[in-house]
Amino acid sequence: MTQLLLFGAGKSAISLIDYFLKNAAQYQWHLTIADTNKQEVEQKLKTYLHLPLTIVEFSLSNDELKNDLIQQSDFVISMLPAILHGSILKACMQHKKHLATASYVSNEMKSFDNEAKQNQLILLNECGLDPGIDHASAMQIIDQLRNQGAEIHTFKSYCGGLVAPESTLDNPWQYKFSWNPKNVVLAGQSTAQYLNNNELTFIPYNRLFTQIEQITVDSIGIFDGYANRDSMNYKEPYHLNKIKTLLRGTLRPKGYCKAWDIFIKLGLTDDTSIIYNTDKLTYTDLIKAFLPKSGLNVKEYFCTYFASSLTPEMLHMFEYLELFSNKRITLKQGTPAALLQHLLEEKWKLQPGDKDMIVMQHQFGYSLNGVQKQINSSLVIKGDNEIHTAMAKTVGLPLAITIKNFITKQFQLYGVQIPTQQAIYKPLLTELSTHNINFIETHT
């Protein structure tokens, strides 16, 4: 029996767990889940407890238990926050175990590439949604175009973890959390860089949410798109060495970015300094403390201070968060970002029956036989409910499917891998289509 070990059973793990357990009998798998809250995981998975499943209370500081669990496993999956993968990685290499994550390849992960290859171990990364499905679906089109003799000059790719329109009627931000809230609050804090018509372009954090592009996805609507991290990292993996424009971006609801930029200008997304005794303050006090001193009341001065960018619709968005209503802060201390996150987790929570939504779009500009052409390839997925989300489905399924394909020897690649090779992406996309994860292409 193949022993699968999963660290972390958070928001994005439910579809991965579901896939492993539903296929456990066919492939002779046993799944062990190590999580900080065993009781919560047992409650979430109560309908699965009759299946080959073990749930273990686990803390990353417990090195003895961590090593015992990894030593007894055949394949390790980490769905922990990316910053915590390092400890799991080192133990996997020590005990010569395969490892998979949905996170970006870290420099530490890269440093074990040769050792993993020598030991015929796979270190699978970037195999979730973004990164993950984006790689696989983009490479399929890139390889097809290249085989036709096309020259690709433009590639833009946007993705957003959003909320279905019917589930945002109670929220003027049109946004709720379906994944790690901290990552949303801290998004974009490193300078974005991309290639624009052969010119390297940088956007610092203080301008990131003002330099946006309107992205239209047929049948769904118009979204704000902003540049995400370092797009140049994908020039080589995508074999786009002659590309003139290369940009990877994030999607948010239309109007979201300009409103979020006000939080940035206020300083409320700072995660470096701690404010103490915040349980004695209201959020109105917090806003006041971040504004220059004035004799006006907080709401009046807020409107005056941001008059050049604030619209009535945006003001309604901030009023919805009760920033001017003397709503008390319940945290005793925290960084400005942590205090903001605490408020947003309350106001942007998926309610019973809510459905999240994944939207992705690739834009290819290319020339073939002297003719300029364009392909837009779009994916729209809605979740079933607030637990079985589109985010969980599109993060967990690609990772689970690719692990299965490796275990069953549908491909044999070792070392650090992401789903840009046909041996990985072709069977992955084929099986994803059976789960109604399909891209729709328009050609012009």
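If a/c stays under 1.5 just call it rounded; otherwise compare a/b with b/c (prolate if a/b is bigger, oblate if not). Do that for the range 319-444, with a ≥ b ≥ c from the square roots of the Cα gyration tensor eigenvalues. In terms of gyration-tensor shape, prolate.
With 31 Å as the limit, write out which pairs from 235/393; 117/426; 97/349; 299/332 have Cα-Cα distances beyond it, or answer none. Beyond 31 Å: 97/349. Under the simplified labelling scheme, the residue 107-residue 144 pair shows an inter-label distance of 3.8 nm, with each label point 7 Å from Cα along Cα→Cβ.
Phi angles across the range 305-315 convert, under the Karplus curve 6.51 cos²θ - 1.76 cosθ + 1.60 with θ = phi - 60°, into 3J(HN,Hα) values of 5, 9, 4, 6, 10, 7, 10, x, 5, 5, 4 Hz, Gly and Pro given as x. Residue-wise HN-Hα couplings along the range 405-421, as the Karplus relation 6.51 cos²θ - 1.76 cosθ + 1.60 with θ = phi - 60° gives them from phi, are 5, 6, 4, 8, 6, 5, 8, 10, 10, 10, x, 6, 10, 10, x, 10, 8 Hz; Gly and Pro carry x.
For the chain, adding -39500 (n - 2.57) for each run of n ≥ 4 DSSP H residues and dividing by the number of residues yields -9500 deg cm²/dmol at 222 nm. The equivalent ellipsoid of the range 277-351 has semi-axes of 21, 17, 10 Å, largest first, where each one is the square root of 5 times an eigenvalue of the Cα gyration tensor.
Just to verify a number: FRET efficiency for residue 346 and residue 189, C-beta to C-beta distance, R0 = 22 Å, to 0.05? Could you put the intermediate results ahead of the total?
Working: r = 23 Å, r/R0 = 1.04.
FRET efficiency, residue 346 to residue 189: 0.45.
Counting only Cα atoms, I'd like the Rg/Rh figure for the range 102-206, Kirkwood definition for Rh. We get a ratio of 1.04 for the range 102-206.
Protection proxy ranking for 74-86, 326-338, using the average of other Cβ atoms within 10 Å per residue and placing the highest first: 74-86, 326-338.
For the range 87-131, the residues whose backbone nitrogen is under 17 Å from a point 7 Å from the Cα of residue 71, taken along Cα to Cβ, are 88-98. Restricting the calculation to Cα atoms, the chain shows an Rg/Rh of 0.98 when the hydrodynamic-style radius is the Kirkwood one.
Could you look at the range 298-444 and say what percent of its accessible area is carbon and sulfur, using a 1.4 Å probe and all protein chains? Intermediate results must be reported in sequence, preceding the final value.
On the way: 3240 of 6570 Å².
Taking all protein chains in place, the range 298-444 shows 49 percent carbon and sulfur surface.
For the chain, a crude dipole built from +1 on the beta carbon of Lys and Arg and -1 on the beta carbon of Asp and Glu, taken about the Cα centre, is about 360 debye to the nearest 20. Distance from the alpha carbon centroid of the range 140-171 to that of the range 181-202 works out to 17 angstrom.
Placing a pseudo-label 7 Å from each Cα along the Cα-to-Cβ vector at residue 213 and residue 303 gives an inter-label distance of 3.7 nm. Between the range 1-50 and the range 368-444, the C-alpha centres lie 22 angstrom from each other.
The values are calculated or read from the model by the stated rules, or taken from the named source; none is laboratory data. Just so we're clear, the structure is a prediction, and the values are computed from it rather than from any experiment. Cβ atoms come from the backbone with ideal geometry, glycine included; neighbour counts cover every protein chain shown. Quick note on the areas: whole protein, heavy atoms, side chains included, nothing else; ligands and nucleic acids left out. Shrake-Rupley method; radii C 1.70, N 1.55, O 1.52, S 1.80 Å.
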